[in-house]
Amino acid sequence: MQMVADVDLLPETGERVSAYVRSVAYPSPVIWHMHQGFEITVLLSGHYRRHFEGIVLNLEPGDVVLSPAWEPHGGEDTASDTLMLSVFFPPEFLGDEALGEVLWPTFFAAAPGDRPKVTSEEMRQQVLAVVAEIRREIEERDQGWLTALRLDVSRLLFILGRKWTAPTVGRNQLHVRLSDLARVGPAVSLVHARGGRPISLEEAAAACHLSPSRFSVLFRQSMGVSFGRYVLRSRLAYATRLLIAGDDSLDAIAEQLEFVDRSHLHHAFQKYYGCTPGDYRARRLLLVQ
C-alpha cells in the first residue's frame, strides 16, 4: 500500500481528516474492518469489490462507494493495477451542508445498495474531474488545501446525489440531520468504548438522555440500522481484530466479547462475513506472508 498525502486535523474540533491514494500490486483476499470517519472512495484504475452485509459492490474506474462511520465492510482488490482515492472525515467536516434537496448524512444512512452511485458516463467523467482536483490538493498540500478538500468533497457528493431519491423508511422518506447524528453519538461512543462487549438498549438510550423507544427510532434513522444490529456487527468487527492480532482460541475470544459460547460466535461470524473465524484468520495470515 502506498500513501500519497497524510493526515490533518480540523482546527475547529481536532477531529481527524485523512485523504490518500493507495495502490495495490497484487490481488488480495477480503479484509474486513471499520473506521471512525465517514468514507468516500473512488476507484481510479483496476477492479475492486466492496463487501457489506448481504451485498457486494463491483467497482469499475470512476465508481464511488460511500461508507458511514463504524460500518464494518470488506475490501477485495481483484486486479494487479488497483488504484483508489479515499477521503475519511468526521461529520463536522461538512457540517449541515445541503446537497440539492437532501442533507449529506442521508446518503450514508441509506442501505449500501441504495446509496448514491455513478449512473451514467457523464456522471463518471464529472466524478473523475473532481477526483483529479482532490488528488492534486492532497499531493501538493498548498495553503488552504483543507478548505479546498472540503469544497471538492461537497462537490463530489452533490454530483452523486443530484438525481438521487432518498429511500423511504416506514411511511417517511429518509432524512438525516447532523443534529440527529449528534444525539445518538454518545451511544455510538459507548458501544466502541466497550471493546466488543455487549451493551443494552436501555443503557445506550440513557447515555443519550432519550427514552428507549425514541432512541430506537432516532438511531435507526440516523445510522441506517437498528441499535441491536449495530452492536452485533461492531462486536463481530472486534472479533476480526482479535483473530488477526494473535493466536487466541475461538473459545477465549467468545469469552472476552461475552458471546454465549464458541458456537454462538462461530455462527454469527459465518452469517455476517460468509466464512468461518478460522478461514478469516487463515486469509489474513496469507496476506501478510
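The values are calculated or read from the model by the stated rules, or taken from the named source; none is laboratory data. Because the structure is a prediction, the values reported are computed rather than measured. Please note: Cβ atoms are built from the backbone with ideal geometry, for glycine as well, and neighbour counts cover all protein chains shown.
Numbers at a glance
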read-out	value
Check on residue 51, within 20 Å of residue 238 (Cβ to Cβ) and assigned to a loop (DSSP other than H, G, I, E, B)	no
Entirely in segment 174-251, the helices (runs of 4 or more DSSP H) that have 3 or more residues that are of a type in the set (A, V, I, L, M) and over 28 Å from residue 94 (Cα atoms)	227-245
Criterion: among the aliphatic types (A, V, I, L, M), surrounded by fewer than 21 Cβ atoms within 10 Å (Cβ to Cβ) and modelled with pLDDT under 90 - qualifying residue of 94, 99, 128	94
Test for residue 222: is it modelled with pLDDT of 95 or more, within 30 Å of residue 178 (Cβ to Cβ) and among the hydroxyl-bearing types (Ser, Thr, Tyr)	no
Qualifying positions in segment 113-125 - surrounded by 14 or more Cβ atoms within 10 Å (Cβ to Cβ) and either touching a Leu at 6+ places or on another chain (Cβ under 6 Å) or not in a helix (DSSP H, G or I) (or both)	115, 116, 117, 118
Within segment 251-264, tally of residues that are over 26 Å from the mean Cα position of the chain (by Cα), surrounded by 11 or more Cβ atoms within 10 Å (Cβ to Cβ) and not acidic (Asp, Glu)	3
Which numbered condition residue 216 fails, given (1) touching a residue at least 24 places away in the same chain (Cβ under 8 Å); (2) polar (S, T, N, Q); (3) in contact with a Leu (Cβ under 8 Å, 6 or more places away or on another chain)	(1)
